[in-house]
1. Tally up the residues in the stretch A:144-165 that are more than 14 Å from chain B (Cβ to nearest Cβ) and either assigned to a loop (DSSP other than H, G, I, E, B) or over 14 Å from the mean Cα position of the chain (by Cα) (or both), please.
2. From the list A:L85, A:L128, A:L168, which one is over 19 Å from B:F182 (Cβ atoms), of a type outside the set (S, T, N, Q) and within 12 Å of chain B (Cβ to nearest Cβ)?
3. When residues of the stretch A:56-92 are filtered for being more than 23 Å from A:P5 (Cα to Cα), of a type in the set (A, V, I, L, M), in contact (Cβ under 8 Å) with a residue 12 or more places away in the chain and out of contact with any Pro (no Cβ under 6 Å at 6 or more places or on another chain), how many remain?
4. For the stretch B:13-34, check the following and say yes or no: at least one residue is over 23 Å from B:A145 (Cβ atoms) and either among the charged types (D, E, K, R) or touching a strand residue (DSSP E or B) at 6+ places or on another chain (Cβ under 8 Å) (or both).
5. I'd like the full set of residues that are among the hydroxyl-bearing types (S, T, Y) and out of contact with any Leu (no Cβ under 8 Å at 6 or more places or on another chain), limited to the stretch B:94-151.
6. Look at the stretch A:123-154 and say how many of its residues are among the hydrophobic types (A, V, I, L, M, F, W, C) and surrounded by 17 or more Cβ atoms within 10 Å (Cβ to Cβ).
7. Got a sec? Which of B:T121, B:T117 is over 29 Å from B:R57 (Cβ atoms) and within 14 Å of another protein chain (Cβ to nearest Cβ)?
8. Pairs under 8 Å by beta carbon, first residue farther than 18 Å from B:V129 by Cα and at pLDDT 95 or above in the stretch B:43-55, partner β-branched (V, I, T) and surrounded by fewer than 18 Cβ atoms within 10 Å (Cβ to Cβ), six or more apart or different chains?
2 protein chains.
Amino acid sequence: MIRRPMAVALVHHPIRDRRGDTVTASVTNLDLHDIARTARTYGVDRFYLVTPVAEQRVLVERILEHWHTGHGASYNPHRGEALDLVEPVSTLDEALARWQQRTGDDPLPVLTGAARTDGITFARCRALVQQHPLLLVFGTGWGLADEVFERGWTVLEPVSGAGDYNHLPVRAAAAIILDRLFAGEQR
Amino acid sequence: MIRRPMAVALVHHPIRDRRGDTVTASVTNLDLHDIARTARTYGVDRFYLVTPVAEQRVLVERILEHWHTGHGASYNPHRGEALDLVEPVSTLDEALARWQQRTGDDPLPVLTGAARTDGITFARCRALVQQHPLLLVFGTGWGLADEVFERGWTVLEPVSGAGDYNHLPVRAAAAIILDRLFAGEQR
């Protein structure tokens with residue numbers, strides 16, 4: 001029984017590079033650890049690492065193994081606890097299928113993007129979390145490719161700071177968004 | 001004339017390691033970039049990188065140079081814009097002195113720590129930002145050493161998530177705290 005069914009996906013393909021071309025980004029150890037720790041802090045139930053590159057999914061499995069049962073498990077058990085959430089998958093559709101299987105309910109994908117103008121508010125998203133198992137989708141590189149947004153899924157309004165500069169690392173954006181969605185009761 | 005005088009310090013000494021001993025952490029390229037980009041997004045005016053290790057301050061200057069005038073400046077100008085905020089200093093006291101010099105006013109240090117129970121609320125801190133040039137202080141490793149907290153400076157309440165797990169990366173904690181302090185008007 002999942003108390004608050006919520007998952008995060010970090011997409012490495014299809015994403016945009018700085019010229020707007022659709023590319024595949026490499027998985028980084030850093031994104032894996034940072035977002036897993038943040039997700040664990042906010043009670044997220046699953047963190048799907050999306051990459052079509054089989055070798056990189058194997059690499060992720062090896063990192064998880066290190067922190068679960070290898071040297072890392074004794075060095076810092078908190079890391080293993082966070083990385084328990086991580087599941088490498090090949091596509092966003094596979095993430096959705098796994099999440100559906102896990103929750104037994106239709107998941108609601110919610111896309112994030114720093115330049116979107118068609119997003120729902122954080123307040124609306126907090127209400128949706130109570131109704132559906134959400135899959136909050138982040139893109140690496142310069143963000144999710146247009147073809148992802150063209151699927152007609154719900155989009156979340158961007159995080160805006162104090163001015164025009166809007167180049168948050170995906171690790172920071174994920175932290176801020178999870179805080180806005182799940183720590184609202186503290187404010 | 002600074003609109004909202006606010007600075008961040010990232011301390012690499014004195015901090016605690018996982019056993020609670022006071023140590024010096026290495027500067028990482030990642031903390032530098034991530035926190036600079038987040039700080040720039042939220043209109044922070046200065047980002048003091050505190051390390052007593054002279055070689056590491058030189059390394060930081062070289063990284064800044066690369067993104068200001070080297071290859072990085074043409075590859076991604078947004079990075080240089082964020083890194084403009086960064087100033088390497090040897091101690092927290094030097095950061096305070098520089099920040100005082102820059103603002104012409106007495107700075108108010110505000111310390112952060114995941115395990116503190118003596119902190120002021122985010123609401124109170126938002127009020128203080130209107131009155132003083134704040135210096136928001138983050139520790140790397142396992143957080144600021146006790147000797148920093150023993151100076152009697154103001155402490156901010158910890159970021160708490162959805163449960164007992166509280167092992168946010170400093171990059172994520174900085175992002176969440178700046179969002180809570182400076183994006184409150186959106187909620």
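The values are calculated or read from the model by the stated rules, or taken from the named source; none is laboratory data. No experiment lies behind these values; they were computed from the predicted model shown. Backbone-built Cβ (ideal geometry, glycine too); neighbour counts: all protein chains shown.
1. 10
2. So the residue among A:L85, A:L128, A:L168 that is over 19 Å from B:F182 (Cβ atoms), of a type outside the set (S, T, N, Q) and within 12 Å of chain B (Cβ to nearest Cβ) is A:L85.
3. Summing the residues that are more than 23 Å from A:P5 (Cα to Cα), of a type in the set (A, V, I, L, M), in contact (Cβ under 8 Å) with a residue 12 or more places away in the chain and out of contact with any Pro (no Cβ under 6 Å at 6 or more places or on another chain) in the stretch A:56-92 gives 2.
4. No, because not a single residue in the stretch B:13-34 is over 23 Å from B:A145 (Cβ atoms) and either among the charged types (D, E, K, R) or touching a strand residue (DSSP E or B) at 6+ places or on another chain (Cβ under 8 Å) (or both).
5. Scanning the stretch B:94-151 gives B:T103, B:T117, B:T121.
6. So the answer is 11.
7. Among B:T121, B:T117, only B:T121 is over 29 Å from B:R57 (Cβ atoms) and within 14 Å of another protein chain (Cβ to nearest Cβ).
8. Listed by first residue and then by second, the contacts come to B:V50/B:T91; B:T51/B:T24; B:P52/B:T24; B:P52/B:T91; B:V53/B:T24.
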